[in-house]
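We did not get these values from a lab; they are worked out from the coordinates using the rules stated. What you are looking at is a predicted structure, and each value in this text was computed from that prediction instead of being measured. Counting neighbours? That spans all protein chains shown, and the Cβs are built from the backbone with ideal geometry, glycine included.
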Amino acid sequence: MDLKTVVKRSGESVDYDRAKIFNAIAGANRDATTPADKLKPDDIERVTAAVETAIGGREKIGVEEIQDEVEKSLMAQGFFDVAKQFILYREKHAQRRNAQKKLMDTYRDIFFAKSVDVDLKRDNANINTDASMGIMLKLGAEGAKYFVDNYVLPEEFAAADKENWIHIHDKDFSLITLNCCQIDLLKLFHGGFSTGHGFLREPNSIRSYAALACIAIQSNQNDQFGGQSINAFDYAMAEGVRKSFKKILSAEILRASEFCDVTPAAEVDFDICTYSEKENPAAVENLTAVVGSRKLAEKIYRQACRDVEEETHQAMEALIHNFNTLHCLPYSERIWVFDTKQNELELTAVGELAEKFEANRYQAISLNKTTGESELKFITAIERKDNRRNLMTLVDNAGRRVTTTDNHKIMYLSNNGKILEDIPADLTSVLAPRKFNGVEVSDKLFINEFKSLKRQNYELPHIAITPEFAKIAGYYVAEGNVSGGSQLVFSVCSSEKEDELISLMKIVYGENVTFNRYARKNGSPHSIHFNVGKVMADAFKNYFGENSHCKKIPLEILFAQDRNVKVNFLNGYLKCDGSIKSRYAGATSVSRLLIKQLHLMLLSLNELSTLNERDTHSAEYGDTHIYEINFCGNAGNRIGLEFNFENVRVEMRRYSYEFLKD
């Protein structure tokens, strides 16, 4: 026999091995449905010999061709049931090869595609699959699904899942752990619990209850997949409040006894002396028996209640903060911390603080949202964990930098003066404390603007889309731009238009808006600059465009319910960039999008307009492709535009709508 080499499906060449043909036929024979159809060893040998005879005249052959000859030989000798099993065997392995190829294609998407482009990377809102740990988790998940489908699930269930007759929730974790969990804190905290890396004793205050609730969630999330929740959270925290009240009340009795030189005459009954928002005569009566004075007992009880309220408030505030900022700051990020033992304010790295952390020792500087004042609050827990989110570095206008995760909320000052919180990508300024207890923390501005290393768009501030604002927008789209990052500049070249803009800006932004007029050398008006701040200036750039080629109308104005908003926008725009000729009125622009939007706006006002596009040349701008929109004077009068449209009509000529078709 001349056959020496077999080419595998991968293209690899291997030596011919007769035993592999024999074993493949024997495997199909074992799966035959009835004993009568099974082949004897001599029959298998005879089929193998027939296959060798058919392929023996070639020096090289592919695996698929050999398997085709096996099927033909089985059927030629009447072994149809074994031939059927062999065909099914080939089909099953072909499906596995296809599944493996699909898995590799999936891995390629996970590694190289962005989540915004691939649905696969957005199927779990809790995982950032563009971050390194998110990518690794997704790779493992898809590999686990492949293994379950091809080697664990019965074929009928795998097929039903693939064809969407059933859905197997979290299939990737089904062989590893239970999915989702409710945590019973009361049961967990009694006697303490183990996180797997150490044992935590039973908590004895509301601060500890809140901190350990976060640790329980974090620890359990490392061991299980899916959502984690705490059932009966208020009942569990109530036990912590009771313990804190007991300690605080005991401390108040001791302090009052020392100050008033009173010796407690009895033991406090803590079943009676419990916290209450209202009057508690029974508790006061019991305390009176202890300290010998009803007036003193009332003061002790109310002070203890106030103290436990404050402690509970801070504990819950810390709990919310912990849940919202898991994996918050990188190891090397430096923060201001007040060491109560050393009585000094220091700048220390988060990682160093984690290594030397002691409960009830370190305080962090925080801003009170109500008063705007800097405050010190105890750091209740700090834990080092692997980061699974994107890191963002914020750079303020003084050059200072801070790195946080993209979900870490940071305080900022809103337009109406309120202190709010938002994630880094949506911020335009950040609050920073300057002094605390006379210590200079920062000599820079209280509000520091910053930029992200990855540019982010600013959102339009919450301003009512009034007719006045729409008219300012019309002026801006026609002849406006941003200068110096914080000024709106209108090159209207008219004192009358500048006066109208000043009036409109005062209506929208208040009487205190500041501006500067600039004139040409001959004294004629040239432009007017309004100081609106970086937030509003960036909003105008993003929503209305920055230069003539990208000017546009935002949807809030283009599809405004109030007709006057659209009319005023057109008035502002056409006053600067419109024209009235003897036979028609209209406007031209190098922005294709803007002309299309003006056409839509006129249609929404039940008026027709005609469109054209052409090339033009000027000494100042050179060759330019421009777009035109024209409408008749009657339309302008019906709309209510501020022009004299008398005897103006549309010139009948050929117009092009081709650029609307896309």
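Which order do the peptides 563-576, 484-497, 509-522, 56-69 come out in when sorted by mean C-beta neighbours inside 10 angstrom, highest first?
Highest-to-lowest ranking by the protection proxy: 563-576, 484-497, 56-69, 509-522.
Report the calculated FRET efficiency for R520 and F147 (r = Cβ-Cβ distance, R0 = 56 Å), to the nearest 0.05.
0.15
As an exercise, take the mean of 1/r over every pair of distinct alpha carbons in segment 1-100, invert it, and state the Kirkwood radius in angstroms.
The Cα-based Kirkwood calculation yields 14.0 Å.
Describe numerically, in nm with one decimal, the distance between label points set 7 Å from Cα along Cα→Cβ at F111 and at R302.
7.1
Can you spot the aspartates and glutamates whose alpha carbon is less than 12 Å from K4's alpha carbon? Ignore those fewer than 8 places along the same chain.
Partners within reach: D15, D17, E52, E59.
Taking 0.36 nm per intervening residue step and subtracting the Cα-Cα distance, what contour gain separates R638 from N204 on full extension?
Between R638 and N204, full extension yields an extra 148.6 nm.
Can you give me the C-alpha center-to-center distance between segment 252-285 and segment 520-567, rounded to a whole angstrom?
A separation of 67 Å, based on Cα centres.
What percent of all Cα-Cα pairs in segment 154-312 falls in each 10 Å bin, counting up from 0?
The calculated distribution, bin by bin, is 10, 28, 21, 17, 11, 6, 5, 3, 0.
Between N220 and L3, take the C-beta separation as r, use R0 = 45 Å, and let me know the FRET efficiency to the nearest 0.05.
Computed FRET efficiency for N220 and L3 comes out at 0.15.
Multiplying the sequence separation of R294 and A49 by 0.36 nm and subtracting their Cα-Cα distance, what value in nm do you get?
Additional length available on full extension: 77.2 nm.
Using the beta-carbon distance between L254 and I320 and R0 = 45 Å, what value does 1/(1 + (r/R0)^6) give for FRET efficiency, to the nearest 0.05?
That gives a FRET efficiency of 0.85.
In nm, to one decimal, how far is the modelled label at V508 from the one at E59, with both set 7 Å along Cα→Cβ?
In this crude label model, V508 to E59 measures out at 8.4 nm.
Using a basic spin-label model with each label point 7 Å from the Cα along Cα→Cβ, how many nm lie between R242 and H167?
4.3
Using only the Cα atoms of segment 125-215, build the gyration tensor, take square roots of its eigenvalues as a ≥ b ≥ c, and label the shape rounded, prolate or oblate: rounded if a/c is under 1.5, else prolate if a/b is larger than b/c, else oblate.
prolate
When ranked by the protection proxy of mean other Cβ atoms within 10 Å per residue, highest first, what sequence do the peptides 296-303, 595-602 form?
Descending packing order for the listed peptides: 595-602, 296-303.
Output the pairs from K295/K377; K246/K341; K40/K102; K409/K566; K114/K409 with a Cα-Cα distance over 29 Å in this structure; if there are none, say none.
Checking Cα-Cα distances, K295/K377; K40/K102; K409/K566 exceed 29 Å.
Pulled fully out, how much extra length does the chain show between Q100 and A159, if you take 0.36 nm times their separation in residues and subtract their Cα-Cα distance?
Net length gain for the segment: 19.6 nm.
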